[in-house]
Amino acid sequence: MSSHGTAVSDATWTAAVELIVRSRRPLLLGHVAPDGDALGTALAVGLALRDLPGDRRVAVSFGDDPFVVPANLRHLPGQELLVPPPDVAVPDLVMTFDASSADRLGLLRELAEAAPAMIVVDHHASYDGFGTLPVVDVSAPATAVIAEALIAQLGVSLTADIAACLYSG
C-alpha cells in the first residue's frame, strides 16, 4: 500500500498527475453499458479536471450506440460533460474507468488506442494490461475508491457533485 490508501505506487500517481495536468483535451471513458462505477467515476474525475487550473476541454463518453445514459444514472451531476461517440474530438489523453480490457470501450476503442496516452483506472483482477499507464488496484472494492484517491492526488477538493458521482460507484 502506498501512502494514498491504495496499492498504486507513488511513481504511478506522479505520472498520472503529470499527464492529466498537461492535457488540454482529456477524454474520460466508462465501459459500454455503463454502471455507476464506470459512469460515476468518469463524471467525478471529469468534474475534478474541470476544477483544475488551465484551459481544458473535458469530455466524458462511453462507446454505445444508441448513446443513452441508463435510467438509474440520469440523476448524476456532471452530465453536461457527456459527448456522444460521433461527436468526440480527438483527445490528447484518454482515461478509462472500470474497463478491464480495451474491447469494453466499444465504439471508442480505436480512438482511445490512437491517443498519445491512456490512463486506465480499474479494480478488476481480469485487467488485461491495455493502456499506457495502469492505475489499477485489484484490492479496491470499486473503481470509485481509486478515482477518489486520484482526485486527492490532483489536489481537488471533493464537492457535493463529485461525491455524488463517486458514491454511485
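The values are calculated or read from the model by the stated rules, or taken from the named source; none is laboratory data. Computed from a predicted model, the values in this text were never measured in an experiment. Quick note on the areas: whole protein, heavy atoms, side chains included, nothing else; ligands and nucleic acids left out. Shrake-Rupley method; radii C 1.70, N 1.55, O 1.52, S 1.80 Å.
For the reader, a short list of remarks on this structure follows.
- √(5λ) per eigenvalue of the Cα gyration tensor, the stretch 41-129, largest first, Å: 19, 17, 14
- Computed over protein heavy atoms with a 1.4 Å probe, the carbon and sulfur contribution to the accessible area of the chain reaches 53%.
- In terms of overall dimensions, the C-alpha atoms belonging to the chain reach 41, 33, 32 Å along their principal axes, ordered largest to smallest.
- Rel. contact order, % - alpha carbon contacts under 8 angstrom, at least six apart, the chain: 29 percent
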